[in-house]
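> Before I ask anything, here is the structure I am working with.
The values are calculated or read from the model by the stated rules, or taken from the named source; none is laboratory data. As the structure is a computational prediction, the values presented were derived from the model and not from experiment. Using ideal geometry, Cβ is built from the backbone for each residue, glycine included, and neighbour counts are taken over all protein chains shown. Each accessible area value is taken on the protein alone, full model and side chains, heavy atoms only, with ligands, DNA and RNA left out. Shrake-Rupley method; radii C 1.70, N 1.55, O 1.52, S 1.80 Å.
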Amino acid sequence: MIEVKGLVKHYGSKRAVDGVSFTVNRGDILGFLGPNGAGKSTTMKMITGFLRPDAGTALVDGHDVTDDPVAVKSRVGYLPESAPAYGEMTVEEFLGFIAEIRGFKSSDARHEQVERALGLTQLAPVRTQTIETLSKGYKQRVGFAQALLHNPPVLILDEPTDGLDPNQKNEVRTLIKKLASEKAVVLSTHILEEVEAICTRVIIISQGKVVVDETPAQFRARQPGARLDEIFRSLTTSDT
Amino acid sequence: MSQISPVFKREFLGYFRSPVAYVFLIVFLMASVGLAFFIGGFFKANLASLDSFFVFHPWLFLFLIPAAGMRLWSEEKRTGTIELLFTLPITTLEAVLGKFFAAWAFLTVAILLSFPMVVTVGYLGNPDWGVIASSYLGSILMAGSYLGVCSLTSALTKNQVISFVLSVLACLVLLFLGWSVFNGALHAVLPVWAVDLLANFSFATHFNAFTKGIIYPKDVAFFLSLTGFTLFLNVVALER
């Protein structure tokens, strides 16, 4: 579903992403790990078509993001980091806007999609509140609802559980697992336990390069008995 | 191009979801009518004409349109919603046009809300309706050009203050080039043809004929092409 081929991105003279390649199949939940500034978010922004890669490309469902960004964008649900949304709109208005721009032009179809997304993310109690008045957990769910709204074959989630309390984290993980069977999911996180809990594959990226691409079980087997964060540290600090 | 309409709707209604619209409309109407009464001598002139109302528009727009336009893109950049907008299935051009037309429609509403002035001169005297209509047309076209400049400068920064200052500066130059006092000063250093050439790039030069009831195609073309050119640069600035 997602094919990433040699993505490169420079910020000034810094090579933020340096030849990242991987593929994600339907049913995969790919955990994208790495220290802050390793290039996780930048890679995700290039796959979703927000940033133009300096070299390489990404294919989503066979569509090349550099040639046909609109086709890619219509097949991807994307939750950007910190879940930006138009704060002056109510939850319903905002999701209605997303539905309309996602191609649900009739008000019935729009209503149906909005209700579905509200139900999946349990946002119904705050549907008439403006987004700027919501707590961080609810804002994050609004971002999640927006990404799920059109039932996309590909989900790209930048730190989906960031800022949530343990119960909410658990809910989000359950939801991702439930949805993943017919989708390709990429999620970035700092929480190593999250990877073990839901991911079927792990990619660790450090200084713009992929250093690990394997299953969580293989990752754990690298240093039997060691804690996950110890393995992570040894992999991401050795080359600095 | 079908994606312009959801962006337009969201943006246009967005003005009225926050106090911005009401503050702007009140200030705009108080300032434009106040200038006509107290500086322009609307009553003292004893003429059934709106000349003293329209003559201040280029000067009023110089400050008020950057105030309305500064947030167009800066706000999206500051809050991060630009990442949301440009990962939706929409082209940069559609987003630029949707936002521009929404802001232009809002300014048109503001300008047309001065209709009690029209009613007043119609009740008290026998005005030349053609002149009033062409003045309104000229004012709305000129507002579009000011807004094009503001939309462009707004796309260059995420800081609204910088956006406002840059817009005022750019509009000031475009206004001054045609201001008689400034042209008089230029005549001292430049040949007549050079001053005339520069004056041709000014809002004021092209707005004048409209207020006399004359609609020259070249004036309409000036405003439309200036608007088109700034919006083109706007797309380029966002895609870079």
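> In the stretch B:168-226, what count of residues is obtained for those that are of a type in the set (D, E, K, R), part of a helix (DSSP H, G or I), open to solvent by 50 Å² or more (accessible area, probe 1.4 Å) and closer than 22 Å to B:Asp51 by Cα?
1
> Counting just the residues of the stretch B:1-25 that are more than 19 Å from the chain's Cα centre (by Cα) and of a type in the set (Ser, Thr, Tyr), which one comes out modelled with the highest pLDDT?
Filtering the stretch B:1-25 for residues that are more than 19 Å from the chain's Cα centre (by Cα) and of a type in the set (Ser, Thr, Tyr), the one modelled with the highest pLDDT comes out as B:Ser5.
> If you go through the stretch A:69-102 one residue at a time, how many are on the phi < 0 side of the Ramachandran plot, among the small types (Gly, Ala, Ser) and open to solvent by 30 Å² or more (accessible area, probe 1.4 Å)?
1
> Regarding B:Trp129, is this residue at pLDDT 90 or above and of a type in the set (Phe, Trp, Tyr)?
Answer is yes for this residue.
> Quick one: is B:Leu84 part of a helix (DSSP H, G or I), free of Cβ contacts under 8 Å to residues at least 60 places away in the same chain, open to solvent by less than 10 Å² (accessible area, probe 1.4 Å) and within 27 Å of A:Phe50 (Cβ to Cβ)?
Yes; evaluated as a whole, the condition is true for this residue.
> If you take the residues of the stretch A:93-115 that are within 13 Å of chain B (Cβ to nearest Cβ) and charged (D, E, K, R), which of them is farthest from A:Ala147 (Cα to Cα)?
Result: A:Lys105.
> Of the conditions (1) acidic (Asp, Glu); (2) open to solvent by 30 Å² or more (accessible area, probe 1.4 Å); (3) touching a His at 6+ places or on another chain (Cβ under 8 Å), A:Glu159 clears all except one; give me its number.
If we test A:Glu159 against (1) acidic (Asp, Glu); (2) open to solvent by 30 Å² or more (accessible area, probe 1.4 Å); (3) touching a His at 6+ places or on another chain (Cβ under 8 Å), just (2) comes out false.
> Moving on to the next point. Where the second residue is open to solvent by 30 Å² or more (accessible area, probe 1.4 Å) and the first is at the interface with another protein chain (Cβ under 10 Å from one of its Cβ atoms) and lies in the stretch B:1-21, which pairs have Cβ atoms under 7 Å and are six or more apart or on separate chains?
Listed pairs, sorted by first residue: B:Gly14/A:Glu88; B:Arg17/A:Glu88; B:Ser18/A:Glu88.
> How about the stretch B:38-81: which of its residues are over 28 Å from B:Leu169 (Cβ atoms) and not in a loop (DSSP other than H, G, I, E, B)?
Matches in the stretch B:38-81: B:Asp51 only.
> Does A:Thr57 satisfy the criteria of being surrounded by fewer than 20 Cβ atoms within 10 Å (Cβ to Cβ), hydroxyl-bearing (Ser, Thr, Tyr) and in contact with an Asp or Glu (Cβ under 6 Å, 6 or more places away or on another chain)?
So A:Thr57 passes the test.
> When you scan the stretch B:54-106, how many residues do you find that are within 14 Å of another protein chain (Cβ to nearest Cβ) and touching a Gly at 6+ places or on another chain (Cβ under 9 Å)?
8
> Taking the stated definitions as given, is A:Ile231 touching a residue at least 24 places away in the same chain (Cβ under 8 Å) and either over 18 Å from A:Asp158 (Cβ atoms) or in contact with a helix residue (DSSP H, G or I) (Cβ under 9 Å, 6 or more places away or on another chain) (or both)?
Answer is no for this residue.
> For A:Glu196, work out the one condition from (1) closer than 16 Å to A:Gly34 by Cα; (2) open to solvent by 50 Å² or more (accessible area, probe 1.4 Å); (3) more than 19 Å from the chain's Cα centre (by Cα) it doesn't fulfil.
(3)
> Right, something else. Can you name every residue in the stretch B:149-188 that is closer than 21 Å to B:Asn234 by Cα and not aliphatic (A, V, I, L, M)?
If the condition is that a residue be closer than 21 Å to B:Asn234 by Cα and not aliphatic (A, V, I, L, M), then B:Cys150, B:Ser151, B:Thr153, B:Ser154, B:Thr157, B:Lys158, B:Asn159, B:Gln160, B:Ser163, B:Phe164, B:Ser167, B:Cys171 are the ones that fit.
> Quick check: anything in the stretch B:121-144 among the aromatic types (Phe, Trp, Tyr), within 14 Å of chain A (Cβ to nearest Cβ), more than 22 Å from B:Thr227 (Cα to Cα) and in contact with a helix residue (DSSP H, G or I) (Cβ under 9 Å, 6 or more places away or on another chain)?
No, that holds for no residue.
> May I ask you to list the residues in the stretch B:87-109 that are of a type in the set (Val, Ile, Thr), open to solvent by less than 20 Å² (accessible area, probe 1.4 Å) and either in a loop (DSSP other than H, G, I, E, B) or over 11 Å from B:Leu231 (Cβ atoms) (or both)?
Result: B:Thr87, B:Ile90.
> What's the number of the only condition in (1) in a helix (DSSP H, G or I); (2) open to solvent by less than 70 Å² (accessible area, probe 1.4 Å) that B:Pro127 fails to meet?
With respect to (1) in a helix (DSSP H, G or I); (2) open to solvent by less than 70 Å² (accessible area, probe 1.4 Å), B:Pro127 is out only on (1).
> Has the stretch B:110-120 got at least one residue that is open to solvent by less than 10 Å² (accessible area, probe 1.4 Å) and within 30 Å of A:Glu100 (Cβ to Cβ)?
For the stretch B:110-120, residues open to solvent by less than 10 Å² (accessible area, probe 1.4 Å) and within 30 Å of A:Glu100 (Cβ to Cβ): present.
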